[in-house]
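Every read-out reported here was derived from the displayed coordinates using simple, explicitly stated rules and does not represent laboratory data. As the structure is a computational prediction, the values presented were derived from the model and not from experiment. Glycine also receives a Cβ, built like all others from the backbone with ideal geometry; neighbour counts cover every protein chain displayed.
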There are 2 protein chains.
Amino acid sequence: MHREGRTRTGRRRPSGGAAEPRSARSVNYRQLRNPFPQMAVFSADRIAAIHDAALSVLEGLGIRVLLPEARAVFRAAGARVDDETGMVHLGREIVEAALASAPTSITCRAGTRSRDVVLEPGSLVFQPGAGAPHATDLARGRRPGTGRDFRELVQITQAFDVLHMVPPLVEPQDIATSLRHYFTMEAQLTLSDKLPFIYSRGTPQVMDCFEMVRDFRGLSDEAFQSESHCYTIINTNSPRQLDIPMSQGLIDFARYGQVSIVTPFTLMGAMAPITVAGALTLSHAEALAAIALTQLVRPGAPVCYGTFTSNVDMRSGAPAFGTPEHFKASLAAGQLARHIGLPWRCASGSAANINDTQAAHETQFALWGCLLAGATVIIHAAGWLEGGLTVSYEKLITDLEVLQMVAELCAVTPAGEGELALDALAEVPPGGHFFGAAHTMARYQTEFYEPLVADWSNFGTWAERGSRDSNSRATAIWKEIVATDARPQADADRVGRLHDFIARRSADGGAPPES
Amino acid sequence: MHREGRTRTGRRRPSGGAAEPRSARSVNYRQLRNPFPQMAVFSADRIAAIHDAALSVLEGLGIRVLLPEARAVFRAAGARVDDETGMVHLGREIVEAALASAPTSITCRAGTRSRDVVLEPGSLVFQPGAGAPHATDLARGRRPGTGRDFRELVQITQAFDVLHMVPPLVEPQDIATSLRHYFTMEAQLTLSDKLPFIYSRGTPQVMDCFEMVRDFRGLSDEAFQSESHCYTIINTNSPRQLDIPMSQGLIDFARYGQVSIVTPFTLMGAMAPITVAGALTLSHAEALAAIALTQLVRPGAPVCYGTFTSNVDMRSGAPAFGTPEHFKASLAAGQLARHIGLPWRCASGSAANINDTQAAHETQFALWGCLLAGATVIIHAAGWLEGGLTVSYEKLITDLEVLQMVAELCAVTPAGEGELALDALAEVPPGGHFFGAAHTMARYQTEFYEPLVADWSNFGTWAERGSRDSNSRATAIWKEIVATDARPQADADRVGRLHDFIARRSADGGAPPES
């Protein structure tokens, strides 16, 4: 029942009907190109003005960089640096040189060639919701995230072709922080062959993780460093601050040729100006500073531009997602990304507390903002609740339906003479139907997308089958995936060596996160 | 609490907090222009091929027209007509002349000038879900639609500026069919000042309705006929058939200068070919025939092109909505509408049986198909369940949130020097926050959309307040609207005369529908 062997994965019937024939439809969800027209929220000259303002912010106001090594890199490049305050004033020529050397296309090597991810303008990559301290599902309720949750969520991520990278799904809080990176890396490498994520929580952990990926993939040091095999996400500390582990991450990933996705997380009205244009000016400035650091360390290092800008409720300060302001910020970020010509990451999300219609609407609304913004990578595209405090198993499944439907729109729809169906139109009389037409019979097993969790049966049939809502059907789907425990092929020796490495390093005390 | 007097309507807090200040934001939702880029699913030459194939279908295969008067109109124009079979073979020159005379812009007069609706390429008009035999809500459950339901749904439609026309919301099955049109017209005219809908169920009912609208609006016959004050929806009987009441409707509305929205309702694989291109060839042919009839009756008569094409589940025959195929069909229809240069109607929808995440996702997904297709009018944009068999009060509210957010995207987002916020960026130190910045203080009451039903409070607060999901919050919202019973200003004499007319006509037995 695992969908791994099928190109078109995730197709399941919501209930009953084990005898129902399966669709023969096959659509490649693994390598997607964004088919949607790009939408602008600002005129080209105002985008240029925002870019220019961001450069002025970096030059005039500066950015505080907490890591001395990073400040030294900036100083060596000609930036004005104050080690007392940590402030770095970055001239625009440094940023412009960095934008010139940053690659526009990054091929990321996964565990299987068909899982490779190309990050470049025009490609479309989905990630599930990530970084949550809590997990929730209808069977077990809401709880602090555990190692078990992390592993299960990797399994679910692996099961759907439309999810292209493994993000830091949930924080396994029952694992000691100095050992947690072993646990999450072991799960990602053995339960999935998709591109793994590494937290930038200091050089010691990052080096451990690089070593695990390198050896599990059977690579030499040189081979590892010559292509990207893993990635990290760099959130600046808005406004205008880059902390120690993030600075280390930018340096380490650049030095080793691995991917940094630079994503200032800015909430309009809180850690960013209240206007879309102001928040993007700040976010863009921070992203440019981080990108510059990677290129100063290693020109050509793989780095992905990003933004995650939404707004807060101005009465309570509560973050909101999937709002019109979030949508507009995504559009503006897309324009800025095109202005600098880099692949870029955007984010969906929801502030709802359970997977209800608010949650569905917010996540899908934000998703469309990302899609029309021309995002390369869209994170939090499925399963993210409470503004990221919780990942919901059921929401992961119900949002996946939308991602699969978007993936269907990425495929070409033929409109040749056969599809125009003049033969069928001649065959069926006025007021008749096309169920038995030859044109229909030749296509009925392959023509339509078959839903993952949607139930299209009529009210009577649906009621007879127990009146199950989409969430309860979603529970059955993820439970089956977890129970099946399908894993990608892995070399037993490599798995053994990975476990040996982890045991040895754990016995030595592991590597505590830096701060 | 009625939102009528406010330009920015529908803003409500989901729970508690009566003392919370209301947003001072004001955005006009009444006249919208579609801000989204248009998306193509087929190349321009294949769209031309579909248009040409549709013309060939009308010429070669023909369309069955059941009304003798309509056949006589076609015959007089030079069509080849067989009264025995009812088949009409329509030459392309007749269709081309009709497309040349059909107006590209139609101004529809509502009860208040600010409610007028302009149907033209580029304008964006929303209608709630319509035509349902059943109604459902969490307080009273699912039941056959009643007059009470119809009136309540008119009240809810009236309460939100983002809904621009009143459609046939629910079928009031407890009202005799020969009197039902009096009931629905009275409700639309007295509870709303938005553009009213008239069912084409035969000339006698339509003439009754025209008279009611004319007199209630205080118009002469000539004034009534010189502008559009009401509209009907014409569904062909696919494939290739136009029944008696629909033909009468096309003729009557054209003759009186009122709007026909021509919408073949075609399900791929059932009453239409299984391919998007084939279904659109059929739908387009039927729409062209109906448009031609209106223009032959009165050149320049207001008519709106339309399609509603989705697919069925090929195992059960059950209709599906909000699918990738539905989305693609909307895109193709938009391309055909632009090819012929007319305003056009598209449809959202959902096949879900309750307002769960499936329902939310399907409706929003289909909505985006319509928006990217450049639709002028989008029906079933809120509240439509079970493929149209039920209108849900709660779904009406929860979907309205999305429509309001889309309306927010129609407004210009400024990016002047003030919005770039360089002053605020200089004022707030690294790692600080913008809550108290002067830039924020000047804008916090007006900058952000305030949600209708979304609850952004954190999990603890939300749980304390009763863990209410979006649907239960929606119940409170519609109940309040119904209880408030706000009505537009109306001349008491006109209301009295309307009631007299209805009483007199009812005493005479009313007007049974024709078939």
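Where a ≥ b ≥ c are the square roots of the eigenvalues of the C-alpha gyration tensor, would you call the range A:67-145 rounded, which needs a/c under 1.5, or, failing that, prolate if a/b is larger than b/c, or oblate?
Here the range A:67-145 falls in the oblate category.
Mind checking B:464-471 for the average number of partner chain beta-carbons within 10 Å of each residue's beta-carbon?
Mean number of neighbouring Cβ atoms from other chains: 3.
If I take the Cα coordinates of the protein assembly as shown and project them onto the principal axes, what are the three extents in Å, biggest first?
On the principal axes, the protein assembly as shown reaches 95, 61, 50 Å in Cα extent.
Which residue, chosen from B:W344, B:A272, B:T363, occupies the Cα position most advanced towards the positive end of the dipole of the range B:99-409, where the dipole is computed from +1 (Lys, Arg) and -1 (Asp, Glu) charges on Cβ about the Cα centre?
Looking along the dipole axis, the top candidate is B:A272.
Based on Cβ point charges of +1 for Lys and Arg and -1 for Asp and Glu, what charge dipole magnitude is obtained for the protein assembly as shown about its Cα centre, in debye rounded to the nearest 20?
Here the protein assembly as shown has a charge dipole of around 540 debye.
Taking other Cβ within 10 Å of each residue's Cβ, how do A:L195, A:L389, B:L124, B:L293 sort, fewest first?
Going from sparsest to densest Cβ surroundings: A:L389, B:L124, A:L195, B:L293.
So if I place +1 on the C-beta of Lys and Arg and -1 on the C-beta of Asp and Glu, and nothing else carries charge, what would the dipole magnitude of the range B:99-409 be about its Cα centre? I want it in debye, nearest 20.
400
Would you be so kind as to identify which of A:A110, A:A100, A:F74 lies farthest towards the positive end of the dipole of the range A:64-160, taking Lys and Arg as +1 and Asp and Glu as -1 on Cβ and the Cα centre as origin?
Of the candidates, A:A110 comes out farthest on the positive side.
Pairs of alpha-carbon atoms within less than 8 angstrom and 6+ residues apart define the contacts here; what relative contact order does chain B have, in percent?
For chain B, the relative contact order is 21 percent.
Mind sorting B:C410, B:C346 by how few other Cβ atoms lie within 10 Å of their own Cβ, fewest first?
By the 10 Å Cβ count, ascending, the order reads B:C410, B:C346.
7 Å along Cα→Cβ for the label point: how many nanometres lie between A:A176 and each equivalent label in the other copies, listed shortest first?
Those separations, rounded to one decimal, come out as 8.5 nm.
Arrange A:F434, B:F210 by Cβ neighbour counts within 10 Å, fewest through most, would you?
B:F210, A:F434
Once the other residues with Cβ under 11 Å from the Cβ of B:T413 are scored (Lys, Arg +1; Asp, Glu -1), what is the net sum?
-2
Beyond a 25 Å Cα-Cα separation, which of these cross-linked pairs lie in this structure: A:K194/A:K395; B:K194/B:K395; A:K194/A:K479; A:K479/B:K395; A:K395/B:K479; B:K395/B:K479?
Distance filter (> 25 Å) returns A:K479/B:K395; A:K395/B:K479.
Taking square-rooted eigenvalues a ≥ b ≥ c of the alpha carbon gyration tensor, is the range B:334-473 rounded, prolate or oblate, where a/c under 1.5 means rounded and, failing that, a/b exceeding b/c means prolate?
oblate
What average count of beta carbons from other chains do you get within 10 Å of the Cβ of residues in B:408-414?
5
How many Cβ atoms of partner chains, on average, are near each residue of A:395-402 if near means within 10 Å of its Cβ?
Mean shielding by partner chains, rounded to a whole number: 3.
Once the dipole of the range A:362-450 is set up with Lys and Arg at +1 and Asp and Glu at -1 on Cβ about the Cα centre, which of A:I379, A:A421, A:L400 lies farthest towards its positive end?
Result: A:I379.
Output the 0 to 90 degree angle, nearest 10, between the alpha-carbon long axis of helix B:470-484 and the longest principal axis computed from the alpha carbons of chain B.
The two axes meet at around 80 degrees.
Tell me, what is a quarter of the convex hull surface for the C-alpha atoms of the range B:34-189, in nm² with one decimal?
Convex hull of Cα atoms, orientation-averaged projection: 13.9 nm².
Classify the range B:99-409 as rounded, prolate or oblate, taking a ≥ b ≥ c as the square roots of the eigenvalues of its Cα gyration tensor: rounded when a/c is under 1.5, otherwise prolate if a/b is larger than b/c and oblate if not.
Verdict is rounded for the range B:99-409.
Which value at 222 nm does chain B reach when only helices count, each DSSP H run of 4 or more adding -39,500 (n - 2.57), with the total divided by all residues and rounded to the nearest 500 deg cm²/dmol?
That comes out to -13000 deg cm²/dmol.
So which cysteines of chain A have no other cysteine's Cβ under 4.7 Å from theirs?
A:C108, A:C209, A:C230, A:C304, A:C410
Using DSSP to call loops (not H, G, I, E or B), can you name the trypsin sites (Lys or Arg not before Pro) in the range A:100-174 whose Cβ has at most 13 other Cβ atoms within 10 angstrom?
Within the range A:100-174, the qualifying trypsin sites (Lys or Arg not before Pro) (loop, at most 13 other Cβ atoms within 10 Å) are A:R140.
Please give the charge dipole size of the range A:339-477, origin at the Cα centre, charges +1 on K and R Cβ atoms and -1 on D and E Cβ atoms. Round to the nearest 20 debye.
In total the dipole reaches around 360 debye.
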